[in-house]
Amino acid sequence: MLRIAIVEDEPVYAEALEQGLRRYSDARGEKVSLSLFPNGTAFLAGPRAEYDAVFMDIAMPGIDGMETARRFRERDAEAPLVFVTGMGQYAIRGYEVGAMAFVEKPFPYS
């Protein structure tokens, strides 16, 4: 089972990510457990679960995604991290926290 965290403050994008990941897992016969967090603070305060992947927005109220990623990396340096954002200018900085990829909003399923 894949354990995936979605850290996204905009419900429309959180739902789109959730639906896309469920569609992807169903198509491959892979079970998935999704944990949704409305912001970085909630994600960092949540249980210290090990995730197979983390999808994270950058622009969020309170702690932004970059700072959330830095703090997350202190406890998990290996989990693939994908930034899902409308802020492409942060792409270079994403490598500082070991981001695997960037997906720009709005995003299609593919």
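The values are calculated or read from the model by the stated rules, or taken from the named source; none is laboratory data. Quick caveat, the model's predicted, so the values are computed rather than measured. Glycine also receives a Cβ, built like all others from the backbone with ideal geometry; neighbour counts cover every protein chain displayed.
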Taking only the stretch 72-99 into account, find how many residues are at pLDDT 90 or above, surrounded by 15 or more Cβ atoms within 10 Å (Cβ to Cβ) and in a helix (DSSP H, G or I).
2
Just checking, which of Ile6, Ile58 is within 11 Å of the chain's Cα centre (by Cα) and assigned to a loop (DSSP other than H, G, I, E, B)?
Ile58
Would you pick out the residues in the stretch 22-43 that are hydroxyl-bearing (Ser, Thr, Tyr) and either surrounded by 17 or more Cβ atoms within 10 Å (Cβ to Cβ) or over 21 Å from Arg70 (Cβ atoms) (or both)?
Tyr24, Ser25, Ser33
Given the conditions (1) assigned to a helix (DSSP H, G or I); (2) in contact (Cβ under 8 Å) with a residue 60 or more places away in the chain, which single one is not true for Phe107?
(1)
Within the stretch 10-29, is even one residue in contact with a helix residue (DSSP H, G or I) (Cβ under 8 Å, 6 or more places away or on another chain) and not β-branched (Val, Ile, Thr)?
no
Exactly one condition in (1) assigned to a helix (DSSP H, G or I); (2) touching a residue at least 40 places away in the same chain (Cβ under 8 Å); (3) within 15 Å of Leu2 (Cβ to Cβ) is not met by Ala27; state its number.
(2)
Residue pairs meeting the criteria (Cβ under 6 Å; at least 6 apart or on separate chains; first over 12 Å from Ala99 (Cα atoms), in the stretch 53-67; second surrounded by fewer than 17 Cβ atoms within 10 Å (Cβ to Cβ) and at pLDDT 90 or above):
Gly62/Thr41; Ile63/Thr41
